[in-house]
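Participant: Take a look at this one; I'll ask things after.
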């Protein structure tokens, strides 16, 4: 299979204070999800120095439950989108998660969504936590669900 024709999903966390990320693929966008309604661990001193990748923040968000409900809906939308893009041979989809500082809720959401899409569809996923300056690539493994 020609790798130039495979789907790459770009998933990003960001801070609304620094603006919504631009899509440089030439496709003109994808999804931008606003995580600011979810209970913010950044409002509590013990979580302020941490990110959505740290276990205490993960536990806070999951125990609260709002993030889990939110991601249930995100997965329903993005799964349908990825499936259709694979059927149609599209090569790029961007999914962004924003919150106030780009540190807790958006990082958690982006990380979990990137892992979910890669595990479910086996496509290449490029993950960027913009404000944390963390990048991760999940290479395609060609095992569609």
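Participant: Regarding the range 65-85, can at least one residue be identified that is part of a loop (DSSP other than H, G, I, E, B) and under 20 Å from residue 50 (Cα atoms)?
Facilitator: The answer is yes, given that some residue of the range 65-85 is part of a loop (DSSP other than H, G, I, E, B) and under 20 Å from residue 50 (Cα atoms).
Participant: Return a yes/no flag: does the range 4-26 have any residue that is in a loop (DSSP other than H, G, I, E, B), surrounded by 20 or more Cβ atoms within 10 Å (Cβ to Cβ) and within 15 Å of the chain's Cα centre (by Cα).
Facilitator: Scanning the range 4-26, I find no residue that is in a loop (DSSP other than H, G, I, E, B), surrounded by 20 or more Cβ atoms within 10 Å (Cβ to Cβ) and within 15 Å of the chain's Cα centre (by Cα), so the answer is no.
Participant: Among (1) surrounded by 14 or more Cβ atoms within 10 Å (Cβ to Cβ); (2) touching a helix residue (DSSP H, G or I) at 6+ places or on another chain (Cβ under 8 Å); (3) free of Cβ contacts under 8 Å to residues at least 40 places away in the same chain, which single condition is residue 66 missing?
Facilitator: The failed condition is (2).
Participant: Of all residues in the range 1-52, which are in contact with a helix residue (DSSP H, G or I) (Cβ under 8 Å, 6 or more places away or on another chain), in contact (Cβ under 8 Å) with a residue 60 or more places away in the chain and over 23 Å from residue 69 (Cα atoms)?
Facilitator: Those that are in contact with a helix residue (DSSP H, G or I) (Cβ under 8 Å, 6 or more places away or on another chain), in contact (Cβ under 8 Å) with a residue 60 or more places away in the chain and over 23 Å from residue 69 (Cα atoms): 7, 18, 21.
Participant: So how many residues does the range 89-135 have that are in contact with a helix residue (DSSP H, G or I) (Cβ under 7 Å, 6 or more places away or on another chain) and in a strand (DSSP E or B)?
Facilitator: Of the residues in the range 89-135, 8 are in contact with a helix residue (DSSP H, G or I) (Cβ under 7 Å, 6 or more places away or on another chain) and in a strand (DSSP E or B).
Participant: Based on what the data block shows, is residue 33 in a strand (DSSP E or B), on the phi < 0 side of the Ramachandran plot and surrounded by 15 or more Cβ atoms within 10 Å (Cβ to Cβ)?
Facilitator: Yes: the conditions hold for residue 33.
Participant: How about the range 43-72: which of its residues are in contact with a strand residue (DSSP E or B) (Cβ under 9 Å, 6 or more places away or on another chain) and within 17 Å of residue 32 (Cα to Cα)?
Facilitator: 70
Rule-based calculations on the coordinates, nothing more; no lab input. No experiment lies behind these values; they were computed from the predicted model shown. Here the Cβ is made from the backbone with ideal geometry for all residues, glycine too, and neighbour counts use every protein chain on show.
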